Structure formats: structure tokens, C-alpha cells
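Chemist: What follows is a single structure, and I will ask about it in a moment.
Readers should treat all values here as calculations from the given coordinates under stated rules, not as data from a laboratory. The model shown is predicted, which means the values in this text are computed figures rather than measured ones. When we count neighbours, we look across all protein chains shown, and the Cβ atoms used for this are built from the backbone with ideal geometry, even at glycine.
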Amino acid sequence: MERCLTDLETRPGDTELLADIFRSVHTIKGTTGFLGFSRLEALSHSGENLLGLLRDGKLSANPDIISGLLSLMDVLRGVLHSIDTTGAEGENPELDSAMIARLDKLQLGEASPAVAAVEPELAAVAAPAPTGKQRRPRAPRKHPHTQSAPPPAETGEAGPLGEDQEEPVDAEPEVERNSRPAPAAAKPSLPARPVNESGPSPAPETQAAPTSGTADSTLRVDVELLNRMMNLVGELVLTRNQILQATSTDANFALLGRRLDMVTADLRESVMKARMQPVSHVFSRFPRLVRDLALGLDKKVRLEMEGQETELDKSLLEAIRDPLTHSIRNSIDHGIEMPDVRVANGKPAEGLVRLRACHEGSHVIVEVHDDGAGMSIEKIRAKAVERQLVPPARAELMNEREILQLIFLPGFSTAEAVTSVSGRGVGMDVVRTNVEKIGGKVEVDSHAGKGTVLRLRIPLTLAIIPALIVHSRGQNFAVPQASLTELVHLSTGENDPRIERLENAALYRLRGRLLPLVFLDRLLQQTPREIGAPCDIAILNADGRRFGLIVDGLADPEEIVVKPLAAVLREIGFYAGATILGNGEMALILNPGAIAQNANVSLTAEIEDSSSDEKGAGHRDFLVVEVGSRRAALPLETVVRIERIPRSRIERAGSRPVLRFEGALLPLDDAASDLVDQGGDPEAQTTVVVCRDGQRHVGMTVSQVLDVTGGSQLEEAGSGLVADGITLLHEKVTGIVSLANIPSLDNVVEQAPMEFSLPAEETR
Amino acid sequence: MNETHTSATQEVCSVRVGDTLYGVPIAHVLEILGKPATQPVPLAPYFVGGLVHYRGEVLTAVSLRRLLGMEASKTPEDVLVFENPDGLFGLFVDSVGEVLHVSAADHEPNPATLEARRQALFDGAWKLKDRLLVSLEPERLDPMRLASSFPA
């Protein structure tokens, strides 16, 4: 607005500009009136009157008017500042009335002597400095136009700031021309009038900080620039990976490398943060949408929004705008019933649509929840069969969750008949496609009569993802960790007895369940591998499609920077992009969803999964290990890593075995007594399971890792109390290892000061 | 392409594929990558030679050999980097030679007897003292354009 005002001075006849300014002032007036800031309202009202005359051509802008308006702005800003720091407008009736009087005079087309009296006070508001000399505490260089009172001593040299602007820039000389009393007269009043009424004025340096509150703490940055920065940071991440690999042998460099690693990670995070915007940017349009839709459909709908401050990458925010709009429209159109129906069903007449955003790990969850009619599983099933989207026989076998997934099928959506029956489904496939395009997932949960929840799971950022690098026929491929669930090594390759064939379909028997297999070499028409050659299965879960991807071998997990592929290669479909690895090689990023679809892996594979999920809250997955001669279970979610290490890598702190793991010291529980048994042989291997216990990591030696399986809670007969340390695994009662019992290392030195020593030489 | 014909002399980067010498106006060449590491792309259209790393970007590179239906080269190839409206792309050639000065006067259009595919790719030839320099225009080698004009 300030710019507009100064522009106005050079182009007094510009009606568009005037209209712009008028609108701004009007907005200020409206908003402040609404928010109950009466002082701001009164001030902006008088400004608006003056501007109205200008706009209607009854007055033409002259420097007096412009500077009047500019000083009005300063007053407004002073009040805003006060609101910013103290939360209240502050009071200064004389200043206000003088200001208003001045503006009123200006409306009559005359610059009165009153102006002169007002001026110093305006300056006081704009620059509430404690001394006459320190009159420009708000960094003036950024906003030369706002500075209404540069110290007289400087006015002569103020050229560089104000050369091409005339009056409003140098309010002081202008005022002097108006033959007002010398500025000196005004100065004594300055200390007496701090806008911020919180007591004696603080020192200049402390004052600079709060002034930046309103305007200076944020700045607009071109998205292009941010994209470029993100790219560069991506480059830096790659270079860092390469350096870390190259320097892993030299201790000194390794230290530097680690620092580079940290700095890069921080930098990356900051740049990513710079791209973040609160979801309220998208949410803010929905109240209107809901209102309009509800009115149009004669329904009563209340919208509740939660977690608006949740932040998301700007590009992702843009990408979820349409899917969200669509989902909300669906909720209101098909979900929420008419008021009379609702009342008849014992619900309040007013329907509820709730939008909720929250963080969950590296994802942001956005939920659209309605308390409408929900979807009838049977009707969806019938409709899907009718529309030949699923063979009837299969439809019979599908469970609820799978049936709900059907609404995302293209073709399920478009026909009117379907929507009126199912109550949902217009273009749900489009919603899913859009969300998947940005690496997200859509889940739906619905209960007939109770409502529907649509959950969008959005990654925090697009650019950098964790991935596992796999090899196939001498080439690197990256598999996004997000879809990776498990890895299985087959030492005898496809001769492994657990690989079974049903006609052409290869299946792997994984813990008693059959998992469809996809051979990457065959899928990509590479030169085939020998049947007996060792290979690995990466077990992937792409949107509920579970399958095993057979690859030649596995390399390390890496954080990769996704580079887009040219359109000709995108069309192949199996690749989500390309990346440059830490060793400088390139890798294609596989798209598990597309591979599953191509291989016709159906959602049916999930039946077993979901049924096991439904065993109830007491169900957990465990890593089953053999410790000595007994079996024990470790909660799977705590397991970080399983390592085979030579005994010699285990060191001792006092009497306690410890392991250096990823640069930190890990307390070990020698549960298997492995370390004692094997006595002198330092080359003997031992298996250590690294677990997360709250904030810390602990290790446990085990004799053998047996399996991963689901276990259920055991209840004591009669009392119904849940047994704490045991679970039922494979129909056997198995003890759960309590990680908390592994003592921490913090007082190891006090305990055994004499024994504490670390070998000087690191054994690798 | 018109500048090829109008300007009196022009600098072209000479590249060799098989026994033929090709010329690309130097103004179109962004950079020459000497035998870079390449990443083949399974299932890609036949004319795609692979991916190359260029200044933090992953470029799709067209193989002139494959485009011309020649056998794949057994030795590493050089890559020319070009810019098209959608971004950058590369061109695999056997080797990059010196920069030649050619004059528009020596330029001849494609002979009518040339096979159709080559008609579409070549932009005539310059008559050098002892041999021909086939004119290549990066625009015609754009992978997107090739995908539509030479579907596999």
C-alpha cells in the first residue's frame, strides 16, 4: 500500500491505483472493526473517507494528501506494532483525534496548520525511540518511504534514499516548509510517548528486534529459487554420500565427513522447511465450499477443521487441493443425508464434516471424516460385480477392506447409478491417482450408517526419499523404502524349495502364506539369471498389493534424490525416476505399484494380512529368536537391525559387554551367553539384535534368529488380566524380552572405575 | 535450421558414427561429455542409448547408432548435450572430432534416393574436400519427437 501511495504521487490520475489503495484501507477498516480494534477502525475510517473523495475524483491527490495518508499509515503501523508486542492497541486519543482532524481538513481541500502539530507526534508513533537522536529504530533502508522523520542532521545526505521520491519520503523537510514549529519542539515529547506502553523504553538494540515483527520477519521468495535451492541441496546430499564412501577408511576424514553429513542434513532440512506451508492455505477455501454445497443440496453441514498449522511442501499442498475438494464434495453430496433422514436415524439434523491434518512419522495425514450414511459393503460388492470389475467368485471372497478398495477402481466411479447406490465414488480413482502421483496413499474406512473416513497419507517431501539399492543383471535399481516390508535371501536361487509354481505363477511360501513373485530380470527383459544362482526377494507392499520382487542382490539403503525421467522413459511405467548414487553410479527408481499392477498382483494378497490385523489390539508382530536353548520374542517394532559380527568387535566397559554401533556405544545383553561360551576364538561370529528401547538403543546376543510372526495377548483365566511378559506364538507360549531390563551405560564408570577401559585400537 | 542455409560460413562440431562423419552446428551443442558412465534403461524405446549424469541432472541420451539401425558400439561412446524446450537430452556418438568451418554454399539437400528414415533424420550434407559431412539437427533428435515419429 505504501508503494501504491508513493506511486500515486507520481501518477495522481491513476484511478486503478486509487481503487487499490482504497480497497486496502477498506479492508483494514473492515477487519479491525470485526476484530474489535476500535482505534484502528476509527483511523482507517477517516482515511477511507479521504480516499473515497480521491477515488470519486472530487479531490486530486497532492503531496499534502499523500503525506497525510502516509502518516496515517505510520500511525496504523504504530498501533499494529503495539498489538504485536503487547496484544493491545494502546491508547493515544489526542494523536488519533489530531490525525483524524488532519485527514478531515484534507478532505476539505486545504492543508491546515494543524498538520504541523500532528507531524511530530506521528513521528513519535512511527519511531518510539527514547532519545531525539535515535529516531530511526525501525530499519529504514528497507522501507525508505515509511520513514516520516529522519533526523535533521541527516536530511541533507538523505539523497540516496529519497532522491527520486519527493514529499512523503522526507516528511520532515516537507513539514518544515509548512512552517511548523522546529522539530526540536517536538522532540521533548518523544520519550514521554512510547507507543509500547510497557514501561520505560528499552535500549535501541532490543527495540530493533520487536519492530521486525510485523513486516520484516518474513519475505517472499520465488518458488523457482526455492526449487533451485532444493536441487542444489540434493546435489550436496549426493556429493556428501560420495565423500562419505570415499573417506570411510581414513579416521580424520571420517570425522570431517560426519560433520559434513550433519551440516548437509541440517541445510537440507532448512531448505525443505522454507518450502513448507501450513495446510490452512488449502483448508481456508473449504468453509465456503461446504457452505455453498450444503445450501445447494438443502442439507445442513457443519465443517470442523483441525491441525491447520500442519505444514507440507508447497508442491504437495498444491497437489492435494483437488483430491481434497473432491472428497469433501463427495462427503456432502453422497455421505451426509438430508436433515429429515438424519433425524429419523437418530442423528442431529446437522451433518458434520471434519477435516484433520496431522503428522505421522515422515508423512502428513489429511483426513476427511463425515458422519453421514457410510457405504454399504454389500452394495459395493454387488455393483462391482454388476459392472464386471471383479469376477463374482472373487468378490464373494473379498473382505470388507478389500471391497472398500473397489471404489477406487476406474469405472466404478462414473455412472450415476453407482453413486446413488453406493453413496460414494465419483472419481475416487482420480483422487487416488492424484495422491499416488505424489507418492501418497489413500485409505478409506466406512461404516454403514455411521459415516466414512477418507485418509490421505502424504509424504513430507518429494525430492529425497530413503531407498534400498538392489542389483539385477549388473544394473542398479532403487526400491523406495516406503513400500519395502521385508527381505529374504535365497542361497540356492530359484531352486529353493519354498518357491512353488502354480502353472506360470511363481509363489513363495512365506510363513505359511503364498506370496506372488515377480522376477525383475524377466519383467525388464534383461538377460535371465541362472536358475540356481543366489538371489534375494524384496517383499513389497504397494498400496495393499503384496508381492516379492526377485533381484540378484542387495546393496545398501541410501537416501536418494529423485531426478525426473524424460517423458519417453516415464511412459514405460515401471520407473518412478532416476537417481545418482553415492558411488557416482546411476540407478533407476522402481515404481512398485506399477510393477504390481503389471504383474496382476491383486489386492487379495492382503486378505491374510488384514485378517491378522483384525485379531485385535492385543496383536503384535514379534521377532522370534533362539537364546541358548529357549525361544524368546522381541517386539518387531523395536528391532532396528540384526547384525552378524565377529566376537572381537564386542568390547567391554567394566564387566559389561558393549558394541560400537553407528558411532555410538550400545549396551549389550549377552542373553545367549555367546560371549562366554566361545571363549578365546575372536573370529567366531555372533548375532546381535539391535533394538530401540525408548530413546536408547540396546543390543542382545542371540543364538539364532528364527522367524517373524504375529502373536496374541494371553489373558489370565478368570481374571482376564493381560499377561505382560509372554505371548502366544505358533501356539506356543513365548517369553517377551524386556529391553528395559538391560541396564544403561551411564553409571558404568562409577560402578567399575578400575576395570573401565576401551581398547586403544579399533577392531573392525 | 535456416541459419544453416543463410549464413555464409558456420562452425559445426564433427562427430563420427561408424564410417560416416556427421556435423552438428556448434551453437546447438551445450557440452560434450567424454565417455561418461551410462545407465541402460530396460524396456526403453530402441533409440534410447541410456541415461547419463550431467551436472546433477539425469539426461536421456539418444543413440545415433541405434537410431540408424546399426549394431551397438563395443567401446564407450561420447555424448553431446543438447537443449530442447522440455529440458536437456544427450546424443551418443562413437567419437567427437574437431570443429569444422563449412559454408552454406557447399550444402546440398538430402538425395531423393536416401532411405526414408535417414531422410527424416538428416538435414542434407556439406561437401567437404574429400568427403561428405552429414548435417544433423538436434531438433530432430529430441527423444519426444523421435518417440512419435519412429515408434518402435
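Chemist: Express in whole angstrom the spacing between the alpha-carbon centres of the range B:82-108 and the range A:507-526.
Modeler: 46 Å
Chemist: Fewest Cβ neighbours within 10 Å first, please rank A:Leu54, B:Leu88, A:Leu706 accordingly.
Modeler: Starting with the residue having the fewest Cβ neighbours, the order is A:Leu706, B:Leu88, A:Leu54.
Chemist: Further question on the same structure: Can you put A:Met700, A:Met305 in order of Cβ neighbours within 10 angstrom, beginning with the fewest? The partial results should precede the final answer.
Modeler: Details: A:Met700 24, A:Met305 17.
Listing A:Met700, A:Met305 from fewest to most nearby Cβ atoms yields A:Met305, A:Met700.
Chemist: Follow-up. Partner chain Cβ atoms within 10 Å, averaged over the residues of A:567-579 - can you pull that number for me?
Modeler: 5
Chemist: Run the quick spin-label model on A:Arg455 and A:Arg513: label points 7 Å from Cα toward the beta carbon, then report their separation in nm to one decimal.
Modeler: If labels sit at A:Arg455 and A:Arg513, their model points lie 1.8 nm apart.
Chemist: Here is a further query. Put +1 on the Cβ of every Lys and Arg and -1 on every Asp and Glu Cβ in the range A:223-275; which of A:Leu225, A:Leu244, A:Leu260 then has its Cα farthest towards the positive end of the dipole?
Modeler: A:Leu225
Chemist: Shape call for the range A:278-459 from the C-alpha gyration tensor, a ≥ b ≥ c root eigenvalues: rounded (a/c under 1.5), prolate (a/b greater than b/c) or oblate?
Modeler: Oblate, since a/c reaches 1.5 and b/c is not below a/b.
Chemist: Okay, moving on. If every alpha-carbon in the range B:62-137 counts as one equal scatterer, what log10 I(q)/I(0) does Debye give at q = 0.24, 0.25 1/Å?
Modeler: -1.30, -1.30
Chemist: Would you work out if the range A:475-606 is rounded, prolate or oblate? Take a ≥ b ≥ c from the square roots of the eigenvalues of the alpha-carbon gyration tensor; rounded if a/c is under 1.5, else prolate when a/b is larger than b/c, oblate otherwise.
Modeler: Since a/c reaches 1.5 and a/b is larger than b/c, the shape of the range A:475-606 is classed as prolate.
Chemist: Hey, another quick one. In Å, the Kirkwood hydrodynamic radius of the range A:430-541 over pairs of distinct alpha carbons? Numbers along the way, then the final one.
Modeler: Working: mean 1/r = 0.0593 Å⁻¹.
Hydrodynamic radius (Kirkwood, Cα pairs) of the range A:430-541 is 16.9 Å.
Chemist: Another question about this same structure. Taking the Cα centre of chain B as the origin, how large is its charge dipole in debye, to the nearest 20, when only Lys and Arg (+1) and Asp and Glu (-1) carry charge on their Cβ atoms?
Modeler: 400 debye
Chemist: Taking the Cα centre of the range A:278-459 as the origin and placing charges on Cβ (Lys, Arg +1; Asp, Glu -1), which of A:His334, A:Thr452, A:Ser315 is farthest toward the positive end of the dipole?
Modeler: Among A:His334, A:Thr452, A:Ser315, the one farthest towards the positive end of the dipole of the range A:278-459 is A:His334.
Chemist: Across 5 Å bins from 0, what is the distribution of all Cα-Cα pair distances for the range B:2-103, in whole percents?
Modeler: 3, 13, 23, 23, 20, 12, 5, 2, 0
Chemist: Mind running the shape call on the range A:223-275? Use the C-alpha gyration tensor, a ≥ b ≥ c as the square roots of the eigenvalues: rounded below 1.5 for a/c, prolate if a/b tops b/c, oblate otherwise.
Modeler: Verdict is prolate for the range A:223-275.
Chemist: So how do A:451-457, A:342-348, B:65-71 stack up, highest first, on mean other-Cβ count within 10 Å?
Modeler: A:451-457, B:65-71, A:342-348
Chemist: Which residues in the range A:544-572 place their backbone N less than 14 Å from a point set 7 Å from the Cα of A:Arg394 along the Cα-to-Cβ direction?
Modeler: Output list for this probe position: A:545-546.
Chemist: Considering every Cα-Cα pair within the range A:461-524, what fraction, in whole percent, is farther apart than 14 Å?
Modeler: Values: 1384 of 2016 pairs.
Tail of P(r) above 14 Å: 69 percent of Cα pairs.
Chemist: Find which of B:Met144, B:Ser73, B:Val29 sits farthest along the positive direction of the dipole of chain B, computed with +1 on the beta-carbon of Lys and Arg, -1 on that of Asp and Glu, about the Cα centre.
Modeler: In chain B, that residue is B:Ser73.
Chemist: Would you mind ranking A:Met272, A:Met338, A:Met99 by Cβ crowding within 10 Å, fewest neighbours first? Display every interim value, and only then the final one.
Modeler: On the way: A:Met272 19, A:Met338 14, A:Met99 26.
In increasing order of surrounding Cβ atoms, one gets A:Met338, A:Met272, A:Met99.
Chemist: Averaged over peptide B:55-65, how many Cβ atoms belonging to another chain are found within 10 Å of each residue's Cβ?
Modeler: Numbers: counts 1, 10, 6, 14, 4, 7, 1, 2, 0, 0, 0.
Mean number of neighbouring Cβ atoms from other chains: 4.
Chemist: Follow-up. What's the average, rounded to a whole number, of partner chain beta-carbon atoms within 10 Å of each residue's beta-carbon in A:300-311?
Modeler: Average per residue, whole number: 0.
Chemist: Which of the peptides B:99-110, B:75-86 is most tightly packed, and how do the rest follow, going by the mean number of other Cβ atoms within 10 Å of each residue?
Modeler: Ranked from most to least packed, the peptides come out as B:75-86, B:99-110.
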